[in-house]
Each structure stands twice: as structure tokens, then as C-alpha cells.
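These notes are about the structure you will find just below.
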Amino acid sequence: MLLIAAVLLLLNPFFNPGPLFFVQIRMGRGCRAFHVLKFRTMVSRTATKESARRGADDPIDCHRITPLGRCLRKTRIDELPQIINVLKGDMSLIGPRPDYFTHARTYVRQIPGYRERHMIRPGISGLAQVEHGYAEGVAATQRKAELDLQYIRDAGFNLDWRIFVKTLRTVLIRDGK
């Protein structure tokens, strides 16, 4: 990770001006908030003169993704700093992906089973990511929650291995969003 961070530090001023890292509050185990660390892939809202925050059912702000950020997202390299979250005990390698805390509070109220997906630590990758992809909005998050509950029910070495292999495939063929 240090080598990738060093390369990104050199490229960042030209293709992704601003801080290298992005910290966001996510909902973790027990529905508690924690800070997730990622390589930054978007320009800030203030740089685009936007004041409104994206709501739980709003589309992603694709116009804010930088050229370098697009590459980081496609390869999922932007998620690599979350290894620090794993080492801290906030996350695991495989498990339900944590959602932005404010959006997650909405989903807890609207989506059956959403609260239960927080019985275990969230993961850098998970069944919902490799089977469903990025969940945008309440309806897609409902399907994600169903897959996360399936993961919790069926968790074991074989399922974790399958998720790991599919995640690695996504990284290698740059199939991320």
C-alpha cells in the first residue's frame, strides 16, 4: 500500500489536485459510526460550488470524479487504505460494505433487515459487491441488504474465498465503477 500511496502522491497534483486521502463517517458493527479511510477520487463540493449533500436515494455525483479517481475506482485501489481500518478492528476484509452514516440511518428506517447486516464487522469487499455491484438508492440498497444477510447466514471459508477471487478479478480487469 505504501508504494501505491507514493505513486499516487506524485500523480495527485496533476490528475487529482487536493488531499490524497478522504475520510468519511460510515456505519459499522452494531450500527456505530466509524471513520473509513480511502484514496480520494472526487473533487470537493466546495470546489464545484455545490452546497447540498447527496441524499440516500440520490444518484452518485459522477461529475465530481477526477480522471485519476475514475482509474482508482475501476481498479478499486481507492479502497486500499481501508486495510488500516481492518488493522484497527473497525472492518474485516470480507463482510457487508459500510454505508455513509447519514444514508445508513435512512436505510435502517426504510429497509427490512438493514439493521441486522450490522451484526458483524463491515468488509472491504462483500457478497453484495461481487454479485450486485454498487448500490445506488434505497431500492438497490434493499437488494444489497438481502445479499449481506445471505452472507451472514452462509459465511465460511468457501464463500469468503469466492468473494476474494471475484474481487481480485474486478481489480485485475478494472471492472469497478
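Can you pull out the helices (runs of 4 or more DSSP H) entirely within the stretch 70-163 that have at least 1 residues that are aliphatic (A, V, I, L, M) and in contact with a Leu (Cβ under 6 Å, 6 or more places away or on another chain)? Give the derivation first.
Values: elements: 82-88, 101-110, 127-131, 138-154.
Passing ranges, in order: 82-88, 127-131, 138-154.
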Whichever residue in the stretch 22-33 is touching a residue at least 60 places away in the same chain (Cβ under 8 Å) and touching a strand residue (DSSP E or B) at 6+ places or on another chain (Cβ under 6 Å) and, among such residues, is farthest from Leu80 (Cα to Cα): Ala33
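Does any residue of the stretch 20-36 turn out to be at pLDDT 85 or above, touching a Ser or Thr at 6+ places or on another chain (Cβ under 7 Å) and in a loop (DSSP other than H, G, I, E, B)? Lay out the reasoning, then the answer.
We begin by selecting, within the stretch 20-36, every residue at pLDDT 85 or above; these are 20-36.
Applying the additional criterion that residues be touching a Ser or Thr at 6+ places or on another chain (Cβ under 7 Å) yields none.
No, there is no match, as no residue in the stretch 20-36 is at pLDDT 85 or above, touching a Ser or Thr at 6+ places or on another chain (Cβ under 7 Å) and in a loop (DSSP other than H, G, I, E, B).
Given the structure, is Arg70 loosely packed, with under 14 Cβ neighbours inside 10 Å and either under 20 Å from Ala145 (Cβ atoms) or modelled with pLDDT of 85 or more (or both)? Break it down into steps so the answer makes sense when it comes.
On the way: loosely packed, with under 14 Cβ neighbours inside 10 Å: no; either under 20 Å from Ala145 (Cβ atoms) or modelled with pLDDT of 85 or more (or both): yes.
Answer is no for this residue.
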Filter result for Asp90 (of a type in the set (Asp, Glu) and either closer than 18 Å to Pro17 by Cα or surrounded by fewer than 16 Cβ atoms within 10 Å (Cβ to Cβ) (or both)): no
Failed condition for Pro59, given (1) closer than 22 Å to Val130 by Cα; (2) open to solvent by 30 Å² or more (accessible area, probe 1.4 Å); (3) modelled with pLDDT of 80 or more; (4) not in a helix (DSSP H, G or I): (3)
Contacts under 6 angstrom Cβ, first residue in the stretch 151-171 being under 12 Å from Gln129 (Cα atoms) and open to solvent by 50 Å² or more (accessible area, probe 1.4 Å), partner hydrophobic (A, V, I, L, M, F, W, C) and not in a helix (DSSP H, G or I), 6 or more apart: none
Test: residue in the stretch 88-99 that is under 28 Å from Leu11 (Cβ atoms) and hydroxyl-bearing (Ser, Thr, Tyr): no
Residue within the stretch 153-174 that is more than 13 Å from Leu93 (Cα to Cα) and of a type in the set (S, T, N, Q) present: yes
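Looking at Leu147, is it at negative phi, aliphatic (A, V, I, L, M), surrounded by 14 or more Cβ atoms within 10 Å (Cβ to Cβ) and without any contact (Cβ under 8 Å) to a residue 40 or more places away in the chain? Lay out the reasoning, then the answer.
Details: at negative phi: yes; aliphatic (A, V, I, L, M): yes; surrounded by 14 or more Cβ atoms within 10 Å (Cβ to Cβ): yes; without any contact (Cβ under 8 Å) to a residue 40 or more places away in the chain: yes.
Considered against the rule, which asks whether it is at negative phi, aliphatic (A, V, I, L, M), surrounded by 14 or more Cβ atoms within 10 Å (Cβ to Cβ) and without any contact (Cβ under 8 Å) to a residue 40 or more places away in the chain, Leu147 comes out as yes.
What are the residues in the stretch 121-134 that are open to solvent by 20 Å² or more (accessible area, probe 1.4 Å) and farther than 20 Å from Ile173 by Cα, if any? Before the answer, list the steps.
In the first step, residues of the stretch 121-134 are kept if they are open to solvent by 20 Å² or more (accessible area, probe 1.4 Å); the result is 121, 124, 129-132, 134.
Arg121 - this is the single residue of the stretch 121-134 that is open to solvent by 20 Å² or more (accessible area, probe 1.4 Å) and farther than 20 Å from Ile173 by Cα.
The values are calculated or read from the model by the stated rules, or taken from the named source; none is laboratory data. Just so it is clear, the structure is predicted and the values come from calculations on it, not from any experiment. Methodologically, a virtual Cβ is constructed for each residue, glycine included, from the backbone with ideal geometry; neighbour enumeration extends over all protein chains shown. The protein model used for the area step is the full one, side chains on, heavy atoms only, and it has no ligands, DNA or RNA in it. Shrake-Rupley method; radii C 1.70, N 1.55, O 1.52, S 1.80 Å.
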